[in-house]
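K.L.:
Okay, handing you the structure first.
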Amino acid sequence: MMACSIAPGKVILLGEHFVVKGMPAIGAAVTLYARVCVSSGQGRVESRQLGLLLDLSSNTVNDKGLYRVVEELAGRFGLKRDFHATIDSEIPISSGMGSSAAVAVSTTHALLSFAGVEPDKKVVWEVSFEAEKVYHVRPSGVDNTLSTYGGVMVYERGVFNRVKRRWPDDVVIVIADSGIKRSTGSVVADVLNRYDKYSNVMSRIYEAASELVRDALKSIETGDFARLGELMDINHGLLSSIGVSSRVLESIVWAMREAGALGAKISGAGRGGIVIGLVETSKVPSVVEKIKLLGLTPLVVQIDDEGVRRAPDSRTSQG
Ligand code: MEV
């Protein structure tokens with residue numbers, strides 16, 4: 001028997017950085033997936049693509065987060081060491097898209113299914129959060145929450161609220177990975193230093209960011225995506241003002257805007273990583289073309305509404 005599961009990655013639509021000081025942020029699960037298939041074996045989890053290996057029979061462990069997943073499932077459900085899990089992922093790594101969370105979520109889901117335990121989402125969330133605690137010092141829970149449940153969520157001080165309105169099919173998100181790697185921790189530290197140095201000015205920028213997210217939430221709920229795009233542009237301006245943009249990121253943002261995106265901004269920590277554009281389907285070809293001219297590979301995604309789920313075994317069907 002083979003059990004396969006997929007779990008989505010995510011983007012932050014609005015509010016990154018400001019969220020560190022308690023302001024609200026909006027994140028969305030997107031249609032890029034980590035995929036895990038489990039069959040009979042001897043306690044092995046591996047991904048050649050991600051360079052990841054857990055071999056319980058020889059005590060080889062190069063991913064402590066996934067080891068935590070296995071330990072947690074053994075403790076809670078008596079998971080036996082009779083599995084062989086293989087992982088593939090389409091989610092860009094180290095770019096703030098929640099790749100590690102999606103891997104932990106899909107692995108938990110697939111291991112439970114293989115063991116004949118119904119993979120309850122609450123359990124998947126709890127177990128994957130244990131892995132997130134291994135990967136990140138103080139994880140917000142945004143990544144594994146979106147990967148487990150899917151959809152668009154507002155996050156504020158540890159509380160998640162799902163946006164009820166369904167995202168329309170004719171508005172997509174175009175992602176351009178700048179390919180520039182940076183440490184989220186050091187960018188966050190620089191921003192916090194700037195906050196301390198200019199706290200009178202910065203506190204007002206943070207208040208504006210908070211208002212902006214509330215306004216954006218209304219725009220999503222009323223289906224006003226032109227307005228949402230403009231608010232994303234404003235959010236980008238605020239991110240520039242706190243010091244996380246760069247010449248390269250600006251060029252990507254402006255390429256998207258010039259090609260007709262409703263709005264474009266840095267998503268995540270900035271200084272590198274990804275830029276997202278809110279794009280009507282009719283404008284996708286021109287936005288994609290512009291990004292390619294910059295030598296980058298655009299990813300066009302929709303919102304994933306479902307979160308983690310069973311997937312067909314690719315040996316028997318496609319998809
Ligand atoms: C990074 O993806 C998002 C930040 O807001 C940091 C954080 O929320 O932990 C920059």
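The values are calculated or read from the model by the stated rules, or taken from the named source; none is laboratory data. Bear in mind the structure is a predicted one, so any value in this text is a computation, not a measurement. Here Cβ is always computed from backbone atoms with ideal geometry, including for glycine, and neighbour counts include all displayed protein chains. Note: accessible area is taken over every heavy atom of the protein model, side chains too, but ligands, DNA and RNA are not part of it. Shrake-Rupley method; radii C 1.70, N 1.55, O 1.52, S 1.80 Å.
K.L.:
Counting only C-alpha contacts under 8 Å and six or more residues apart, can you give the relative contact order of segment 1-157 as a whole percent? Could you put the intermediate results ahead of the total?
P.N.:
Values: 344 pairs, mean separation 50.7, N = 157.
Rounded, it is 32 percent for segment 1-157.
K.L.:
From largest accessible area down, sort 305, 215; use a 1.4 Å probe on the protein chains.
P.N.:
On the way: 305 70, 215 45 Å².
So, going from the largest accessible area down, we get 305, 215.
K.L.:
So how do 166-177, 116-127 stack up, highest first, on mean other-Cβ count within 10 Å? Don't skip to the end; give the middle numbers.
P.N.:
Numbers: 166-177: 18.2, 116-127: 16.2.
Packing proxy ranking, top to bottom: 166-177, 116-127.
K.L.:
Given a cut-off of under 8 Å on Cα pairs at least six residues apart, what relative contact order in percent is computed for segment 211-319? Let's see the in-between values first.
P.N.:
Numbers: 112 pairs, mean separation 20.7, N = 109.
19 percent.
K.L.:
Whose amide H sits under 5 Å from the amide H of residue 82, counting only residues 5 or more places off or on another chain, with H placed in the peptide plane?
P.N.:
Here 43 satisfy the definition.
K.L.:
Given the pairs 122/164; 122/283; 64/218; 10/292; 122/265, which are separated by over 29 angstrom at their Cα positions?
P.N.:
122/283; 64/218; 122/265
K.L.:
List the extent of the Cα atoms of segment 32-109 along each of their three principal axes, largest first, rounded to whole Å.
P.N.:
In descending order, the Cα extents are 33, 24, 21 Å.
K.L.:
Which loop-located trypsin sites (Lys or Arg not before Pro) does segment 1-105 contain, where loop means any DSSP state but H, G, I, E or B and the Cβ has at most 11 other Cβ atoms within 10 Å? Write down the numbers at each step before the final one.
P.N.:
On the way: sites: 10, 21, 35, 44, 48, 64, 68, 76, 80, 81; in loops: 48, 80, 81.
Passing both the DSSP loop test and the Cβ count: 48, 80.
K.L.:
In whole angstrom, how far apart do the alpha carbon centroids of segment 166-203 and segment 25-83 sit?
P.N.:
Cα centres, segment 166-203 to segment 25-83: 30 Å.
K.L.:
Which whole-number value in Å² is the accessible area per residue of the chain, probe 1.4 Å? The partial results should precede the final answer.
P.N.:
Values: 14010 Å² over 319 residues.
That works out to 44 Å² for each residue.
K.L.:
Run the numbers on the chain and let me know its relative contact order in percent, using alpha-carbon pairs under 8 Å that are six or more apart. Display every interim value, and only then the final one.
P.N.:
Numbers: 688 pairs, mean separation 80.0, N = 319.
This gives 25 percent for the chain.
K.L.:
Using only Cα atoms, tell me the angle between helix 64-77 and the longest principal axis of the chain; keep it within 0 to 90° and round to the nearest 10.
P.N.:
Relative to the chain, helix 64-77 is tipped by roughly 50 degrees.
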